[in-house]
Each structure stands twice: as C-alpha cells, then as structure tokens.
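First up is the structure itself, then whatever we jot down about it.
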Amino acid sequence: MSFEILPLYQRPGLIEPVARLIYEEFWREVEGGYSVADLVAHLRRATDPDRIPLSLIAVEDGQLLGTINLIENDDAKRAHLRPWLAAMVVSQGRRGEGIGSALVRALLAEAQRLGLPRLYFGTDGPGFYARLGAQLHEQVRDDFCIMRFELGERP
C-alpha cells in the first residue's frame, strides 16, 4: 500500500473534498441533515491532535482516498455514550484495498494515545468492524447497530 494516513489539518486544502465525501456517503438523502458547508465547519474544528474532534485522512499522491473521525457524540438519544468513531468512508473506486481497515486502526491508535477507554459508533456493516475487534453494544434495528471498541482489549 502506498497511501499515507495523516490528520486532516495538515492538508487544509482537502477539507472541502472530505466534507463532500462524507456528505455523499451519509447525508445526501437525509432531509434536514448536514450540508457540505456544515461538514466543512465541523472539520475545520479538528485542529488539535491532543483533543476531540480529530479527523484523519488517507491520501495517495495528494489524492484523497478516505477519512475517519473521532467526535464527542454522534447520537443525541445516546448522549451518555462517548466518544464516537464517525464518518468512516473510503472513495468508491478504492474500496476493498484495506484503506478502511487502516483508517480504523489509525484512529484507534490515536484514541489510545489520548487515553480513551472505548469508542462507540453506529453502523449498518458490523462485520467489517467486528473483524477489527469491535463488539456489539446495542442492536437498534435489524439493519443498524451501535458497536464499540474496548481500547484496552484491542487485538
């Protein structure tokens, strides 16, 4: 693999492309959801490597391949669950190459560095995360669950 993973703030010119990638994957069809401008504003806050929010990107030859984020909370109904892995997405043409797994592992390493005991997240693809050591926390619907990584017990 020839891509690298780094904090988004180190490549500010990629903030808008990252926002567009997240929007297309998660928000395009959600009425009343985030706009690209909202996402840009959120991503611009990820400027300190020693606190949440954190945004990591995978790049290859200056091209954005994917992103993953660490935020305080991603579910108002579960405000007691924090912090959250959020908005992990790999560009359509580059899926299946290990980029998503590398992004998750990099974010887990950052969370451990920050001394966080666990991370929560919602997903409709639990198998991907289970292979990386995540555990089921709550089955919300047949097609969606809340999972967690216990950072002290990561394989």
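The values are calculated or read from the model by the stated rules, or taken from the named source; none is laboratory data. Everything numeric in this text was worked out from a predicted model, so none of it was measured. Note that each Cβ is placed from the backbone with ideal geometry, even for glycine, and that neighbours are counted across all protein chains shown. Just the protein is used for accessible areas: all its heavy atoms, side chains included, with ligands, DNA and RNA removed. Shrake-Rupley method; radii C 1.70, N 1.55, O 1.52, S 1.80 Å.
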* Asked: What fraction of the DSSP beta bridges in the chain is antiparallel, stated in percent and rounded to the nearest 5?
  -> 95 percent
* With the Cα gyration tensor of the chain in hand, give its eigenvalues times 5 under a square root as the equivalent ellipsoid semi-axes, listed largest first in whole angstrom. => 22, 18, 16
* Structure fact -> With Cα springs under 10 Å, the Gaussian network model of the chain assigns the largest mean-square fluctuation among G122, G96, G66 to G96
* **Over the chain, relative contact order from alpha-carbon pairs under 8 Å, at least 6 apart, %** => 17 percent
* Cα-projected label distance for V36 with D48, points at 7 Å along beta-carbon direction, nm -> 3.0 nm
* To do: Under 13 Å from the Cβ of G98, count the other residues' Cβ atoms, weight Lys and Arg +1, Asp and Glu -1, and hand me the total.
  => +2
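Please report the carbon-and-sulfur percent of the accessible area for the chain; probe 1.4 Å, protein heavy atoms only, DNA, RNA and ligands left out.
Taking all protein chains in place, the chain shows 47 percent carbon and sulfur surface.
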* **the chain: calculated mean residue ellipticity at 222 nm from DSSP helix runs of at least 4, using -39500 (n - 2.57)** => -7000 deg cm²/dmol
* How far apart, in nm, are two points set 7 Å out from the Cα along the Cα-to-Cβ line at F26 and at R95? -> 1.6 nm
* To do: Express in whole angstrom the spacing between the alpha-carbon centres of the range 50-73 and the range 121-155.
  => 19 Å
* To do: Note the full-extension length gain between D75 and R11 as 0.36 nm times their separation in residues minus their Cα-Cα distance, in nm to one decimal.
  => 20.2 nm
